[in-house]
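Since the structure comes first, as C-alpha cells, the remarks are kept for the end.
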C-alpha cells in the first residue's frame, strides 16, 4: 500500500449547503480558513475521513461532511493526542465523529454502518497550508498505516 496522502479537501460555507471542494487549505488555530466551523479553542475543528470507508459505501469525498479525505491511514488506530503533519500544518487527533441522522439521508442504514468509522476530529496545533496530494507524516507518537 502507498503512503498516507490527502485525496480531497472541502470547506463548509453554511449549514446544509454543499461543501466546496478546494485544492488547498490554510489550517489555523481553530480550524480551516473559509470553513464555517472555524472556532478558536475548539478541539473538534477539522474532520478527517478515510477514502477506504467512503469506497465501501459508494460515497464520494465530502459526502460525510468531512473537510479532509485521506487514503492509506487508519484514523481510529491513532492514540488520542497523536500528531500528524500535512504540508506545513500539524494536527492533533481528538475523538471520533459520531454519525448523525443526516447519514441516513445519504443512504438508508448508513448511520448505523458508520458507528466507529465516520472519521476523527483533529485540532490544529501548528498553522500551515496543505493541499490535495500532500503526504501525511506521523509525529513522534506514530500512527498505524492501512495494510
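The values are calculated or read from the model by the stated rules, or taken from the named source; none is laboratory data. Bear in mind the structure is a predicted one, so any value in this text is a computation, not a measurement. No Cβ is skipped: glycine too gets one built from the backbone with ideal geometry, and neighbour counts run over all protein chains shown.
Per-structure values
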quantity	calculated
Check on residue 143, at pLDDT below 85, crowded, with 18+ Cβ neighbours inside 10 Å and part of a helix (DSSP H, G or I)	no
Residue in the range 22-40 that is over 21 Å from residue 139 (Cβ atoms), within 11 Å of the chain's Cα centre (by Cα) and either crowded, with 20+ Cβ neighbours inside 10 Å or at pLDDT below 95 (or both) present	no
Residue list for the range 60-76, restricted to those being crowded, with 18+ Cβ neighbours inside 10 Å and either at pLDDT 90 or above or touching a helix residue (DSSP H, G or I) at 6+ places or on another chain (Cβ under 8 Å) (or both)	61, 63, 64, 65, 67, 68, 69, 70, 71, 72, 73, 75
